[in-house]
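S.K.: I have a structure I would like to understand better, so I am pasting it below and will then ask my questions one at a time.
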Amino acid sequence: MKSLVIGTLAATALFGQVTYERLLKAPSEPNNWMTYSGSYQSWRYSSLDQINRQNVANLKVAWVQQMPTSHRIEATPIVVDGIMYVTEPPSNVFALDAATGRPYWHYKRSLPAYNVCCDAVNRGVAVMGDRVFLGTVDAHLVALNAKTGAVLWDVEVADRKTGYSVTGAPLVVKDMVITGVAGGEYGVRGFLDAYDIKTGKRRWRFNTVPGPGEKGHETWPTSGPHANSWKQGGGPTWVTGSFDPELNLLIWGVGNPSPDWNADVREGDNLYTDSAIALDVDTGQLKWHYQFVPHDANDWDAVQVPVLVDGDWQGKPRKLIYWAHRGGFYYVLDRATGEFLLGKPFAKQTWAKEIDAKGRPVRLPNTAPTVEGNVIWPGVQGATNWYSPSYSPLTSLFYLTVWENKGWYLKGEPKYTPGNRYVGSVPDIDMSDDQGYGAIRALNPKTGALVWEHRTQTKPWSGVMTTGSNILFGANGGWLNRSAREDGEAYFFALDAENGKELWRINLGGTMSSNPMTYMVNGKQMVTMAAGSAVFTFALP
């Protein structure tokens, strides 16, 4: 595989190595942003408070890095000691001066043909020691020299020809780099992998669709004409998970079963699709799972970012997970055991009567795709999707991007051919007569109750971030109707995290499909957001 590296990190004095100990204590280094979600707990919260509610209206563009790409940017940059590492889709990396945006080096990957369902995107890198780790759309995992961008090792994670790709940001834990895969719309069999950071040798693999002899295989057809449906069962793992070092547990979300919108060929609950899974990080052994949507036929996968919080629950201290799921329910789970604690709608949904006492949805009749078509809330985009939520320890609120939308769900005849789509029809994302709306919402995480809502002009395609000055940064999408690609104004904005009041906004003129982040360099707090094909960074004058 040929690639090109342009430049080198000449200012080596700036270069600082990331250790596992630093990652464990990442919240104590708010000047950096060292993992995809800011910390292993995935709060997407920074204690930086230089930009506050009184001066945020004075934010100005500090620098812009224009990327030579026609693909939308979904990456969250990593910043370590004044150096920013950010991916350029489909599978390239820039090392930039975090103060000015000046490039140090640019890794450009030469790619063969590949298959992706929803644009050739990349959500970011991971950093450990002197290495930067990148997943690629041709389903490889690559280690780059952090100073030069030179390739140190390059391993094939899966066969791209059958529909696999890697679009999520890796997560480094101990001496391993963890990566998931995408490809659920191509009938792949999902998994989560761990690789040695020095050699690239695979340490373990957990198959999210269990085969014969593995626990959970009985939730797939085991006889008859569909006895091999598990082989194309889906269950991709395409968004970065979280890690609890005390429990030694990796918490990760698993995507939809395949085919997406015709479940006739895969009777049963179809574990571990649409589930939260907890793995022993050293061995990859499953410790517990919780399935949000058994036998999903609506493509409401569970690839949201798990938010890990230690807190009081009904008078007792517990290790909790806050999780807003694509199907429209907000959940609280015990992360030591996976026990279901709470399930409450956070958006309009018409598919479940309730979540019962054991945590299983009680489905309403006529809520699956049909040949004639069926209108169901939420639509296939979900009430939320992969966009990162945030938790603020100052307000004790849970923040997320929300879509109020319905879909026209159709069921077609699925036919599996390796490397081709295996979905069973394609629903309409929105109904033209009632497209709903988008919003940023703040929930009381102990009850799921709505605290405040900030409606957006267009439906947001990006996540949120909170700071130590009680500011929330977010964006609207810039598309009024994604299927029609109607243009809307693309606003990046700051809200008061306590009440949702808008404090500042700027029209960046391009679609925003990323998550905001913040860091400090040379004594200045900076806030970064991608829009269109550019990365914008803001600071106070």
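None of the figures in this text is laboratory data; all of them are computed from the coordinates on show. Just so it is clear, the model here is predicted, and its values are computed rather than measured. Cβ placement follows ideal geometry from the backbone for every residue including glycine, while neighbour counts extend to all protein chains displayed.
S.K.: Beta carbons within 10 angstrom, averaged per residue: use that to sort the peptides 45-58, 241-254, highest first.
M.R.: The densest-packed peptide leads the list: 241-254, 45-58.
S.K.: Could I ask something else about it? For each pair in K174/K287; K316/K358; K319/K358; K108/K147; K108/K174; K174/K316, compute the distance between the two Cα atoms and list the pairs where it is over 23 Å.
M.R.: Pairs exceeding 23 Å: K108/K174; K174/K316.
S.K.: Just from its helices, what would the mean residue ellipticity at 222 nm be for the chain, if runs of 4 or more DSSP H residues each count -39500 (n - 2.57) and the sum is divided by every residue, rounded to the nearest 500 deg cm²/dmol?
M.R.: Only helices count here, giving 0 deg cm²/dmol.
S.K.: Then there is this: At R0 = 45 Å, how high is the FRET efficiency between D154 and K501 if r is their beta carbon distance? Nearest 0.05 is fine.
M.R.: 0.40
S.K.: Another question, if that's okay. Along Cα→Cβ, 7 Å out, is where each label goes; now give me the distance between the ones at D196 and N55 in nm to one decimal.
M.R.: 4.9
S.K.: To continue, here is another question. Using a basic spin-label model with each label point 7 Å from the Cα along Cα→Cβ, how many nm lie between E246 and T350?
M.R.: 4.4
S.K.: A further question follows. Search the structure for amide H atoms under 5 Å from the amide H of A352, placed 1.01 Å from N in the peptide plane, and list their residues when 5 or more places away or on another chain.
M.R.: Placed amide hydrogens put L364 under 5 Å from A352.
S.K.: Ordered by residue, what ³J(HN,Hα) values in Hz, to whole numbers, does the stretch 181-186 give under the Karplus form 6.51 cos²θ - 1.76 cosθ + 1.60, where θ = phi - 60° and Gly and Pro are x?
M.R.: Taking θ as phi minus 60°, the curve returns 9, 10, x, x, 7, 10 Hz for the stretch 181-186.
S.K.: Give, as a single signed number, the net charge of other residues whose beta carbon lies under 13 Å from the beta carbon of S37, with Lys and Arg counted +1 and Asp and Glu -1.
M.R.: Summing Lys/Arg as +1 and Asp/Glu as -1 gives +2.
S.K.: On to the next question. Just report the Cα centroid separation between the stretch 210-248 and the stretch 131-157, whole Å.
M.R.: That distance is 27 Å.
S.K.: Additional query: Taking the Cα centre of the chain as origin and charging only Cβ (+1 Lys, Arg; -1 Asp, Glu), how large is the dipole, in debye to the nearest 20?
M.R.: That gives the chain a dipole magnitude of about 660 debye.
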